[in-house]
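The values are calculated or read from the model by the stated rules, or taken from the named source; none is laboratory data. Please read all numbers here as calculations on a predicted model, not as lab measurements. Counting neighbours? That spans all protein chains shown, and the Cβs are built from the backbone with ideal geometry, glycine included.
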Amino acid sequence: MQNQLSIFNTLTRTKEKFEPIHKGMVGVYVCGPTVYSDVHLGNCRTFISFDLIYRYLLHLGFKVRYVRNITDAGHLEGDRDEGDDKFAKKAKLEQLEPMEIVQKYTLGFHDVMREFNTLPPSIEPTATGHICEQIEMIKEIIANGYAYEIKGTVYFDVEKYNKEFPYGQLTNRKLEDLLEGTRELSGQDEKRGRLDFALWIAAKEETLMKWPSPWGWGFPGWHIECSAMSNKYLGETFDIHGGGMDLQATHHTNEIAQSQACNHKAPVKYWMHTNMLTVNGVRMSKTAGNGFLPGELFTGNHPLLEKGYSPMAVRFFMMQTHYRSTLDFSNEALQASEKGYARLITSIKTIDNLKTSAASTSNIKELEKACYAAMNDDFNAPILVASLFEGARIINSVNDNKETITAEDLALLKKLMHSFVFDVLGLKSETSNSSADKALQGAMEVILEIRKDIKAKKDYAASDKLRDDLNKHNIQIKDTKDGPVWSVSE
C-alpha cells in the first residue's frame, strides 16, 4: 500500500506520489502549541489531523519520527516582532514565574490531547530547551549574508534573500505584493526592510526570559525555533511539515527562508495545512463571541451549545471534513456525529455475533480497497468514513439475516473495521461507570426478567407492548437465538 500514497504539496498545489526522503523513516513536523493559555479548538483540529496522518503512516508500515514542538519562549503579541512577550505578560497577570505558566498550560494541553486519544509524538522539543541550536543557526545565517545585527537584535534580510530564492513561494505571492500590503515600519526603522523579521531580539532590563548570546542578552524570535528543532531532529530536508493555515503566510514562510539561508536547500518536501473553524457559518474567534474551549465543548458550558459532547464524538465530527476544508461547528452537526459514532461502535460490537454462510452477498475486498484508496488520496478521512458506514450497514444487515457473509470475509471485515476505526481514525469505545448508567443496567436486567416471565405465560401482547413502550424512550430490545439484548438508540 505504501506506493499508492499521494500527499498534497502546498508549494506546487498538486498531489504527488509519496516517497520518504530518508530511507526507512518518514520525518513529520507540526508546529505545536504556544503554552501561555488553554489550547483552543483550532489547535486541536490541527493536532487531531496530524494524529490521523501519523496513525495512517504507521498503519502502512512506515517508521515515523513525529516531532511536535512546544513554544515556550520568544512569542510576542504580533507576528512582526511587536508588543510584549506573551509568557511574561501572562506571568505578571497571574503573579507566577514564566516557566510556571509554561508548565501549567503544557500539562493542560497534554490532558486535552489524551481526551482526544491522540498518540504522543516521537519527540516533543521546547524552544527554551534549544536556545543553543537557535543561536548556532542564526550565526550561520549571518555568515551566509542573509541577516544583520543592530543594537543586539538580529534581523533576517528578506529582500536580499528574495534575490536568490522566492520568499513568498508558500503562498504563491511576489515580494512586491507583500510589500504593498505591509504598513510602514512605525517605530521599527532600525530594520532595513519592512518585511525583515527578528531572529534574535535584544532583551530589555525588565525582560524576564532572556539568554546570553554573541549579540548580548536576549531571546529568540518566534520563527527560528521551528527551523532549529526540525533541522536537529529531522535533518536539513524532511518529508512533511504543517500546522494551521494561519501559519502559512508568516511563520512557515519565514521558516523556509531561515532554513534555506542556513542550509542552502529547501527544508520540506510536503507542506500540509488545516483550514479554519467556523460556528454556524461564522469564523470562530474570541472577538465574535463564538469561540469555545475543548472543556466547554465536553461539558456544554457555553451559550452556543445545547449540551456537552464526548471527546470521541467531537473527534469523529472532525474526521468527517477533510483537513484542508473549513470545519463548521453546530449543535445539529455535532449531534449527527454522535449518532454516527455510536452506529460505528455498535456495529463493531455486533461483529462477534454474526453467523457465517457459504457465500457473501457483499464484496468485502472491494470495501477494503475503497478504505485504502480514500486515505491514500491526501488522507481523505470523510471518504473513509463513508466506506466504514457501508461496512456498518453490511454488519447490521447480516445480523438481521438480510445478507450473508463467509467466514473468510467476516474475518477480513472485522480486521478492516477495527484497523480503520480504532487504529487509523483513532476512535475508541467510550464506556461510562456513572451511578446513573449502573442503575439503568440494573433496571434493564429486572425488566428483561419480567418480560421473560410474561412470555413464559404466553402473554405475547403484553411482552410486545413492554418492548414498544421502551422503544419510545430510545431503549431497544432485540430478541436473538441467545436471548434478548438491549441498547440505547441515538
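Does the stretch 339-346 contain any residue that is over 29 Å from the mean Cα position of the chain (by Cα), in a helix (DSSP H, G or I) and of a type outside the set (Gly, Ala, Ser)? Give the steps one after another, and end with the answer.
Of the stretch 339-346, the ones over 29 Å from the mean Cα position of the chain (by Cα) are none.
No, because not a single residue in the stretch 339-346 is over 29 Å from the mean Cα position of the chain (by Cα), in a helix (DSSP H, G or I) and of a type outside the set (Gly, Ala, Ser).
Phe219 passes all but one of (1) assigned to a strand (DSSP E or B); (2) touching a Cys at 6+ places or on another chain (Cβ under 9 Å); which number fails?
Failing condition for Phe219: (2).
Scan the stretch 8-37 for residues that are in contact (Cβ under 8 Å) with a residue 60 or more places away in the chain and either assigned to a strand (DSSP E or B) or more than 16 Å from the chain's Cα centre (by Cα) (or both) and report the count. Full working, then the answer.
Filtering the stretch 8-37 down to residues in contact (Cβ under 8 Å) with a residue 60 or more places away in the chain leaves 8-11, 13, 15-16, 18, 20-22, 26-33, 35-37.
When the remaining residues are screened for being either assigned to a strand (DSSP E or B) or more than 16 Å from the chain's Cα centre (by Cα) (or both), the result is 8-11, 13, 15-16, 18, 20-22, 26-30, 35-37.
Going through the stretch 8-37 one residue at a time, the tally reaches 19.
Test Gly235 against the criterion of being at positive phi and buried (at least 20 other Cβ atoms within 10 Å of the Cβ), and give yes or no. Before the answer, list the steps.
Working: at positive phi: yes; buried (at least 20 other Cβ atoms within 10 Å of the Cβ): no.
No, not satisfied.
Please go through the stretch 176-195 and give me each residue that is modelled with pLDDT of 90 or more and under 30 Å from Thr14 (Cα atoms), ordered by number.
Correct list: Leu195 only.
Within the stretch 135-144, can one find any residue that is outside any helix (DSSP H, G or I) and either within 22 Å of His251 (Cα to Cα) or modelled with pLDDT of 95 or more (or both)?
yes
Hey, any hits in the stretch 127-150 for a residue that's surrounded by fewer than 20 Cβ atoms within 10 Å (Cβ to Cβ) and touching a Gly at 6+ places or on another chain (Cβ under 9 Å)?
No.
Regarding the stretch 193-200, can at least one residue be identified that is of a type outside the set (A, V, I, L, M, F, W, C) and within 21 Å of Ser230 (Cβ to Cβ)?
Checking the stretch 193-200: not a single residue is of a type outside the set (A, V, I, L, M, F, W, C) and within 21 Å of Ser230 (Cβ to Cβ).
Restricting attention to the stretch 239-254, report how many residues are over 20 Å from the mean Cα position of the chain (by Cα) and surrounded by 24 or more Cβ atoms within 10 Å (Cβ to Cβ).
The qualifying residues number 1.
How many residues does the stretch 266-283 contain that are under 30 Å from Tyr167 (Cβ atoms) and under 18 Å from the mean Cα position of the chain (by Cα)?
Selection size over the stretch 266-283: 8.
Matching residues to (1) loosely packed, with under 15 Cβ neighbours inside 10 Å; (2) modelled with pLDDT of 85 or more; (3) over 30 Å from Gln320 (Cα atoms):
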{"residue": "Gly391", "(1), (2), (3)": "no, yes, no"}
{"residue": "Ile395", "(1), (2), (3)": "no, yes, no"}
{"residue": "Leu410", "(1), (2), (3)": "no, yes, no"}
{"residue": "Ile447", "(1), (2), (3)": "no, yes, yes"}
{"residue": "Asp479", "(1), (2), (3)": "yes, no, yes"}
